[in-house]
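Engineer: Below: one structure in structure tokens.
The values are calculated or read from the model by the stated rules, or taken from the named source; none is laboratory data. Not measured: the values here are computed from a predicted model. All Cβ positions, glycine included, derive from the backbone under ideal geometry; neighbour counts span all protein chains shown. Heads up: the accessible areas ignore ligands, DNA and RNA and are worked out on the full protein's heavy atoms, side chains in. Shrake-Rupley method; radii C 1.70, N 1.55, O 1.52, S 1.80 Å.
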Amino acid sequence: MEKFEGILEALKVNAFEWAEHIVLAIVIFWIGMRVVKVMMRAFTKALTLREVDASLSTFLQSFLKIALQAVVVIATVNQLGVQTTSIVAILGAAGLAVGMALSGTLQNFAGGAMILMFKPFKVGDFIEAQGYSGTVKSIQIFTTILTTSDNKQVVIPNGGLSNGSLINYSAEATRRQEWTFGIGYGDDVDKAKAIIKNIIDADERVLKEPEGLIEINALADSSVNILVRAWVASENYWPLYYAVTTEVYKAFNAEGISIPFPQMDVHLQK
């Protein structure tokens, strides 16, 4: 009986000790995560004040957040009675297996570092890569996030971005704009070219240098195609494209220049 009572007493003492450890572990985790949030806000503010590049800023924030959260988790586990040295030993023993399992993740991490080092693009650039196109929203440790023109979010692993081909539409300050306008075979080509030239020259967004081009480039099945090229600041590329297309359509209609379209003649046999 005395032995049984001793076992119960020991269990009671151990239960209180475990309860104390668990409560302290929960408190450490709860407080630690909130301290991480405060530190991340301060770190973000410091990066903003120092005007750190947005691409590097998002990468550093993502890396620091993971590192601080890992410290909190280790401290929590240590409070439960698991020694930190034991955790390190376990991680070291499992390092090879984890490394092989996460080879793709490590490749993405290395890809993110390569992107920040060589800067093929930065936050705010419009790029096309891995079958997607959009504006770079953030460059994180393992992934890059794009926002498409219809406001969808695309997450692309950094490994593929650093090793694959991509098009950066924002890399240069200027771009060459191009249109093709078709007119009827019976229409005055010189008149059509003059109308287009007046519209291009009147738009202040069109750069005077390099010089543009307005020439016939094809005698198609049902139209004479006029190729138009002009240089424009990158941010004005699409606004100019839509504006000139609209103005040319209106001017052709007003001046009697026909715009061919596919037609089919049906002959009925009696």
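Engineer: Can you pull out the residues in the stretch 228-259 that are open to solvent by 80 Å² or more (accessible area, probe 1.4 Å) and out of contact with any Lys or Arg (no Cβ under 8 Å at 6 or more places or on another chain)?
Structural biologist: GLU235, TRP238, TYR242, GLU247, TYR249, LYS250, ASN253, ALA254
Engineer: Still on this model: Restricting the first residue to the stretch 26-39 and requiring it to be more than 15 Å from VAL77 (Cβ to Cβ), which pairs with a second residue that is at pLDDT below 85 and among the polar types (S, T, N, Q) meet a Cβ separation below 7 Å and a spacing of at least six or different chains?
Structural biologist: VAL36/GLN69
Engineer: Something else about it: Can you tell me which residues in the stretch 185-227 are among the aliphatic types (A, V, I, L, M) and either within 23 Å of PHE126 (Cβ to Cβ) or open to solvent by 40 Å² or more (accessible area, probe 1.4 Å) (or both)?
Structural biologist: Once the filter is applied, which keeps residues that are among the aliphatic types (A, V, I, L, M) and either within 23 Å of PHE126 (Cβ to Cβ) or open to solvent by 40 Å² or more (accessible area, probe 1.4 Å) (or both), the stretch 185-227 yields ALA194, ALA202, VAL206, LEU207, LEU213, ILE216, LEU219.
Engineer: Here is a follow-up. Name the residues in the stretch 220-270 that are over 11 Å from GLY182 (Cβ atoms), in a loop (DSSP other than H, G, I, E, B) and of a type in the set (Asp, Glu), would you?
Structural biologist: Of everything in the stretch 220-270, just one residue is over 11 Å from GLY182 (Cβ atoms), in a loop (DSSP other than H, G, I, E, B) and of a type in the set (Asp, Glu), namely ASP265.
Engineer: Going by what's in this entry, would LEU49 be described as open to solvent by 80 Å² or more (accessible area, probe 1.4 Å), modelled with pLDDT under 70 and either of a type in the set (Phe, Trp, Tyr) or closer than 27 Å to GLY32 by Cβ (or both)?
Structural biologist: For LEU49, the condition - open to solvent by 80 Å² or more (accessible area, probe 1.4 Å), modelled with pLDDT under 70 and either of a type in the set (Phe, Trp, Tyr) or closer than 27 Å to GLY32 by Cβ (or both) - is not met.
Engineer: What are the residues in the stretch 154-179 that are in a strand (DSSP E or B), open to solvent by less than 60 Å² (accessible area, probe 1.4 Å) and of a type in the set (A, V, I, L, M), if any?
Structural biologist: Matches in the stretch 154-179: VAL154, ILE156, LEU166.
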